[in-house]
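K.L.:
Submitted below is the structure of interest, expressed as structure tokens.
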Amino acid sequence: MKESLLSHIASNFISEYENVANSSIAYLLNNYTAARIALKKVIRADHIPTYYVTELSTKSNGRPDVTGLDEDGNKTVIIEGKFWANLTSNQPNNYIKELSTEGTLLFLAPEKRVVSLKQDISKRLSGENNKVIVYSWLNFINLIEQENNKENNNYLASDLLQLKELCLKLDSEGMPPLSWSD
């Protein structure tokens with residue numbers, strides 16, 4: 001697999017790859033309608049924000065990776081990009097507290113981790129919660145690509161290729177978190 005510019009830069013200059021991927025998601029959502037349409041489909045929402053910010057700190061509930069703010073400044077979407085890091089003490093319970101009434105918390109994870117991440121989240125929530133969705137990074141990128149194929153924006157296609165290569169690199173080089181039994 002040929003390394004993309006984004007994955008090359010991330011691996012040579014940045015120690016926290018997740019932040020690069022999360023910042024890329026915020027960039028895509030802020031700049032491309034196709035990305036927002038894909039997000040609407042994933043979280044099954046009629047309306048989503050057009051403005052997304054990374055690492056928006058809260059007073060007591062942590063620092064979500066990507067927060068979507070509606071026109072009134074309400075947090076209607078929080079996206080937590082995971083590769084192989086464990087959930088933090090704020091995830092998901094405290095992040096849910098940050099959401100508006102109709103808000104959604106979306107976890108993006110490698111396909112190989114989706115099931116175990118859902119189980120970890122379910123344990124912390126003591127069951128299912130309709131505000132939380134776990135979805136694969138590559139499936140989300142592929143959905144944006146499908147939306148882009150309708151308009152064929154070459155810039156978005158290039159950006160998606162860069163992000164996809166970074167995600168594939170992180171999927172293959174990352175180490176799954178250890179469980180208590182490990």
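The values are calculated or read from the model by the stated rules, or taken from the named source; none is laboratory data. These numbers were taken from a predicted model, which means no experiment stands behind them. Positions of Cβ are generated from backbone atoms using ideal geometry, with glycine treated the same way; all protein chains shown enter the neighbour counts. Just the protein is used for accessible areas: all its heavy atoms, side chains included, with ligands, DNA and RNA removed. Shrake-Rupley method; radii C 1.70, N 1.55, O 1.52, S 1.80 Å.
K.L.:
Only Cα pairs under 8 Å and at least 6 apart count here; give the relative contact order of the stretch 48-168 as a rounded whole percent.
P.N.:
18
K.L.:
How do ARG36, ARG44 stack up against each other in accessible area, from largest to smallest, with a 1.4 angstrom probe?
P.N.:
Ranked from most to least accessible, the order is ARG44, ARG36.
K.L.:
Taking a ≥ b ≥ c as the square roots of the Cα gyration tensor eigenvalues, with a/c under 1.5 meaning rounded and otherwise prolate when a/b beats b/c, else oblate, which class fits the stretch 75-147? Numbers along the way, then the final one.
P.N.:
Working: a/c = 1.96, a/b = 1.24, b/c = 1.58.
Oblate is the answer for the stretch 75-147, as a/c is 1.5 or above yet b/c matches or exceeds a/b.
K.L.:
What helices does the chain hold that run 24 Å or longer along their axis, going by alpha-carbon atoms, with a Kyte-Doolittle average of -1.0 or more, using DSSP H for the helix calls? Intermediate results must be reported in sequence, preceding the final value.
P.N.:
Details: long enough: 154-173 (28 Å, -0.04).
For the chain, where a helix must reach 24 Å along its axis and average at least -1.0, the hits are 154-173.
K.L.:
Given Cβ point charges of +1 (Lys, Arg) and -1 (Asp, Glu) and nothing else, what value in debye, to the nearest 20, does the dipole of the stretch 78-130 about its Cα centre take?
P.N.:
In total the dipole reaches around 220 debye.
K.L.:
Then there's this: I'd like the per residue volume of the convex hull spanned by the Cα atoms of the stretch 8-139, given in cubic angstrom.
P.N.:
So the per-residue Cα hull volume is 117 Å³.
K.L.:
Additional query: May I ask you to give the percent of accessible area on the stretch 27-79 that is carbon plus sulfur, with a probe radius of 1.4 Å?
P.N.:
Working: 1230 of 2780 Å².
Ligands and nucleic acids excluded, carbon and sulfur reach 44 percent.
K.L.:
Under a point-charge model restricted to the Cβ atoms of Lys and Arg (+1) and Asp and Glu (-1), what is the dipole moment magnitude of the chain relative to its Cα centre, in debye to the nearest 20?
P.N.:
Magnitude of the dipole: close to 380 debye.
K.L.:
Could you sort out which of LYS59/LYS97; LYS75/LYS131; LYS40/LYS164; LYS75/LYS97 sit more than 18 Å apart by Cα distance in this structure? Mind dumping the intermediate values first?
P.N.:
Numbers: LYS59/LYS97 12 Å; LYS75/LYS131 13 Å; LYS40/LYS164 20 Å; LYS75/LYS97 10 Å.
From LYS59/LYS97; LYS75/LYS131; LYS40/LYS164; LYS75/LYS97, over 18 Å: LYS40/LYS164.
K.L.:
Still on this structure, please answer the following. Under 1.5 on a/c is rounded, so check that first for the stretch 53-111, then, if it is not, pick prolate when a/b is larger than b/c and oblate when it is not; a ≥ b ≥ c are the square roots of the alpha carbon gyration tensor eigenvalues.
P.N.:
Prolate shape, in that a/c is at least 1.5 and a/b is the bigger ratio.
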